[in-house]
1. Computed FRET efficiency, Cβ-Cβ of I330 and V255, R0 35 Å: what is it to the nearest 0.05?
2. Given +1 on the Cβ of Lys and Arg, -1 on the Cβ of Asp and Glu, and no further charges, what dipole in debye does the chain carry about its Cα centre, rounded to the nearest 20?
3. In the chain, what percent of the accessible surface is made up of carbon and sulfur (1.4 Å probe, ligands and nucleic acids excluded)?
4. Rounded to the nearest 20 debye, what is the charge dipole size of segment 9-107 about its Cα centre when +1 sits on each Lys and Arg Cβ and -1 on each Asp and Glu Cβ?
5. Given charges of +1 on the Cβ of Lys and Arg and -1 on the Cβ of Asp and Glu, with all other atoms neutral, how large is the dipole of segment 184-258 about its Cα centre, in debye to the nearest 20?
6. Just to check I understand the Karplus step: with θ = phi - 60° and J = 6.51 cos²θ - 1.76 cosθ + 1.60, what whole-Hz values come out for segment 334-344, glycine and proline as x?
7. Tell me the Kirkwood radius of segment 1-120: reciprocal of the mean inverse pair distance over distinct alpha-carbon atoms, in Å.
8. Mean-square fluctuation check for the chain, GNM, Cα pairs under 10 Å: which of G214, G106, G280 is largest?
Amino acid sequence: MSEQPFSVRARVRRLLALMKKEARQIVRDPSSILIAIVLPLILLFLFGYGVSLDATRTRVGVVLEEPTPTTRELAASFEASPYFDARLGTDRREFEEQLQRGKIGGIIVIPATFDADSRTRGTTPEIQLIVDGADPNTASLVSGYAQGVIGNWVKQRGVQSGRGAAISGTDDRVWFNPELTSRYFLVPGSVAIVMALVGTLLTALVVAREWERGTMEALMATPVTAVELLLGKIIPYFILGLASMTLCTLVAVFVFDVPFRGSLGALYSISAAFLLPALGQGLLISAATKNQFLASQIALLSSFLPTFLLSGFIFEISSMPKPIQWLTQIVPGRWLIPSLQTVFLAGDLWPFFLKNIGVMSAYGAIFIFLAARTTKKRVA
């Protein structure tokens with residue numbers, strides 16, 4: 001008795017055959033390996049080493065208007081700080097031109113009255129900080145680090161003298177990232193950028209490649225349905241995407257020393273939920289364009305740029321205008337990046353993860369449904 005073409009057993013056999021065909025295609029096609037393995041490593045190293053929000057060893061000028069043991073001690077604190085490359089002077093005019101040219105990030109002026117004010121009870125000694133506003137990010141970091149150096153010096157001096165410090169301080173406690181190392185949240189965010197680019201770009205080329213090579217016509221003559229065709233292509237690339245994510249995680253932990261405090265179950269659950277919209281979006285693009293070059297360009301514009309700009313990776317979403325904040329809701333990476341940063345730095349927070357997983361899964365279902373409808377018009 002012949003097997004019915006639309007029986008469950010026949011569907012499973014066709015799906016396995018399609019998956020096997022796609023797996024062989026991945027192995028034979030160097031571009032797939034380049035996109036899934038080489039490109040993520042290149043991007044991860046670029047983001048890990050090339051992008052930094054730390055003001056480490058920023059050049060500053062320290063002006064001692066009245067060199068005294070007290071002011072020299074404070075200046076020595078700036079010289080010993082790992083955040084500054086301090087250069088001493090006695091007049092701010094020595095550093096003004098360097099600040100204008102961007103050779104230094106700020107000028108710290110310790111006034112001539114500082115020593116007398118520090119010995120007067122009830123008087124807070126003032127220090128002038130001049131920063132380059134052309135780079136607001138560096139300016140704010142220099143300002144914050146300078147206040148930290150001054151606060152630590154005041155506390156130490158108060159302890160050594162056996163009396164309260166002249167400047168009251170706060171007992172700061174920083175959770176999850178005590179050293180405020182930007183790499184610890186940039187690298188997990190870059191993993192999300194890589195997954196968005198790799199997942200969408202890989203599948204964006206799949207169906208378009210079938211049309212360009214003429215193999216789609218051969219598939220149209222078989223009993224293969226649009227759903228079977230899409231699943232046969234999604235599943236191998238889904239596994240390849242998880243392998244790419246695993247590689248990025250190993251590099252993040254063992255090369256960039258990013259702490260991993262969550263569980264592998266949470267990591268793979270979050271990543272799997274995100275790969276659904278990424279792969280579905282790529283299949284929708286490839287089914288609609290039927291051209292590899294056009295599909296790759298649209299994939300880059302619709303996945304990489306929104307994930308990079310509108311996901312909170314670099315720019316804080318809460319500081320964006322309200323219409324842009326609403327727009328970020330439809331970017332799948334906006335739900336992935338905070339989840340990855342949490343699982344790396346804070347650990348498992350399942351109520352937070354489940355919400356984001358649900359949103360990403362919903363977007364994945366929408367993209368896959370649209371891809372199936374678009375492909376059905378051409379395959380059925």
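1. Working: r = 33 Å, r/R0 = 0.95.
According to the calculation, E is roughly 0.55.
2. On the way: 35 positive and 28 negative charges, 415 e Å.
So the dipole magnitude of the chain works out to roughly 2000 debye.
3. Working: 11890 of 19230 Å².
After summing per-atom areas, the C and S share lands at 62 percent.
4. Numbers: 16 positive and 12 negative charges, 372 e Å.
The calculation lands at about 1780 debye.
5. Values: 3 positive and 5 negative charges, 6 e Å.
Here the size comes out at about 40 debye.
6. Along segment 334-344, the couplings run 5, 9, 8, 4, x, 5, 5, 4, 5, 5, 6 Hz.
7. On the way: mean 1/r = 0.0490 Å⁻¹.
Taking the inverse mean of 1/r over all distinct Cα pairs, segment 1-120 comes out at 20.4 Å.
8. Of G214, G106, G280, the most mobile in the Gaussian network model is G214.
The values are calculated or read from the model by the stated rules, or taken from the named source; none is laboratory data. Just so it is clear, the structure is predicted and the values come from calculations on it, not from any experiment. Cβ: placed from backbone, ideal geometry, glycine included. Neighbour counts: every protein chain shown. With ligands, DNA and RNA removed, areas are computed over all heavy atoms of the protein, side chains included. Shrake-Rupley method; radii C 1.70, N 1.55, O 1.52, S 1.80 Å.
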